[in-house]
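The values are calculated or read from the model by the stated rules, or taken from the named source; none is laboratory data. None of these values were measured; they are calculated from a predicted model. Areas reflect the complete protein model, heavy atoms only, side chains present, ligands, DNA and RNA absent. Shrake-Rupley method; radii C 1.70, N 1.55, O 1.52, S 1.80 Å.
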Amino acid sequence: MYASREDIGYEFGDDSQVGSKPVKLNPNIDGGWAWMIVLSSFLVHILIMGSQMALGILNMEWLEEFNQSRGLTAWVSSLSMGITLIVGPFIGLFISMCGCRKTAIIGGIVNALGWILSAYASNVYYLFLTFGVTAGVGSGMVYLPAVVMVGQYFQKRRALAQGLSTTGTGFGAFLMTALLKYLCADFGWRNAMFIQGAISLNLCVCGALMRPLSPKDALSEKYVLRSNSENNQAKALSHSAETIKSNGVLSEEPGKKAAATNEEVLDSVQHGEIGGKSSGGRNMYGLRVLKTLSQLTVTVRKGFAMWYSSYFGAASLFTNRVFVAFIIWALFAYSSFVIPFIHLPEIVKQNNLSRQHNIFPLTSIIAIVHIFGKVILGIISDLPCISTWNVFLTANFTLVACILILPLMQTYISLAVVCALIGFSSGYFSLMPVVTEDLVGTKHLANAYGIIICANGISALFGPPFAGWIYDITHKYDFSFYISGLLYMVGIVFLLIQPCIQKKQPKEKSVEGAQA
């Protein structure tokens, strides 16, 4: 059974020792403001992931409006979904420098701008830029902080907290599907996107709720929580002489030299301000600008150093073989989940099931059951006798089986049953941050999870267009599900093989040492 890094015989290099000192916990950990963070993350999942799961409605409108092939039109939805996740590693850099709150607020504005500009689209290529890229980048700037903040504020009930917050995807898919159908029917798809852009401005409110742990609290809890981006930001902005460490050994001398240089600049600026007051307000204003720029340079350099060493340092995340296998799995997994959301409405139309589907859409069934799946799987994973890893793998096997048999279903009832199983088993998404943390530790969660969702983004980017391209050739969606399901199975096999290899290697080394 797999439960943590130690179970696979991998030591990532965390030199902190949990429980080495008696620590007074922050009352907001596992309680207090932590539940406001869960609420914020829940709303983010409704507005971002829920909206993306409802894009099948807009996809049909775009097909009629622009009269392009299904493969080309599907790129609009897949770009938005894919870029939301692909930008994860780069958003980690923003978090290191600005913190989760500022990053999320800026992302909310960018996302709303993408929706509003898309209302004026004249062709699908315009939508590629406005909806795919602009709205996608904005979504990514809100989504990653929402996940990371929950991981920082929860220790004992992290799986349950992640499960509750990510149920927003299911609620959002159900609500946004109904909302977009209503808006498109009564106001047209252009006005629907404009209204949705106005609704997306609420992401700024969600970002404002992401109150960071204070530097004092973060410092006192580093042996217990090892919090990542916000804690690293507090260390980077402090005036202590600690060496910057993040996923590898960063040279101490350059850091000291840079700090000394910037301190000299700041001192000279402060002296200059005194002289400036006597010589004139214009000189003082210029010196203040110089001082601000110098402080900003220090913040950017330290944030970039932490971000760079996390991915390319001597102890890079990529030296963890099981984590690399996890990345390979992510490259194949997410497309199998998003393909049904994009193409199910048209599959139903082809099978002449529109009457039943209009009463209760299949995507809504997936969304509703998805809510229960996330909560139930989160509760099960928190049980002391249950391995999170085993729950994660079981849900994956169930999902891939449903993807492979879905094309064989020809009636509404059979499709509804399979969609319900897809919704429940896909609840393993709430376990992904927990599994990621088990692999690399809380200290590296922001960067590691950024890589995982980046791989998921690549999968989401190419999945729906691939399914549309297969349909344009064969005029059937069956092969799209079969191929994506088989690729998904390949990713699961990688997850099964690597832990076994990691367990065998220490044994082989010990045998060789005994023989020597």
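Tell me, in nm to one decimal, what length is gained between TYR182 and THR299 on full extension, where the rule is 0.36 nm per residue of separation less the Cα-Cα distance?
37.4 nm is the gain from fully extending TYR182 to THR299.
Please compare each pair in LYS102/LYS291; LYS156/LYS181; LYS181/LYS443; LYS181/LYS476 to a cut-off of 32 Å on the Cα-Cα distance and tell me which ones are over it.
Over 32 Å Cα-Cα: LYS156/LYS181; LYS181/LYS443.
At 1.4 Å probe size, with the rest of the protein present, what percent of the exposed accessible area of segment 306-505 is carbon and sulfur atoms?
The nonpolar share, carbon plus sulfur, comes to 74 percent.
At 1.4 Å probe size, with the rest of the protein present, what percent of the exposed accessible area of segment 45-182 is carbon and sulfur atoms?
Exposed carbon and sulfur together represent 68 percent of the surface.
In the full protein assembly as shown, how much of SER69 is accessible to a 1.4 Å probe, in Å² to the nearest 10?
Ignoring ligands and nucleic acids, SER69 comes out at about 60 Å².
Tell me, what is the per residue accessible area of segment 306-505 in Å², probe radius 1.4 Å?
On a per-residue basis, 36 Å².
If you find the alpha carbon centre of segment 187-210 and of segment 401-451, how far apart are they in angstrom?
Here the two parts' Cα centres lie 27 Å apart.
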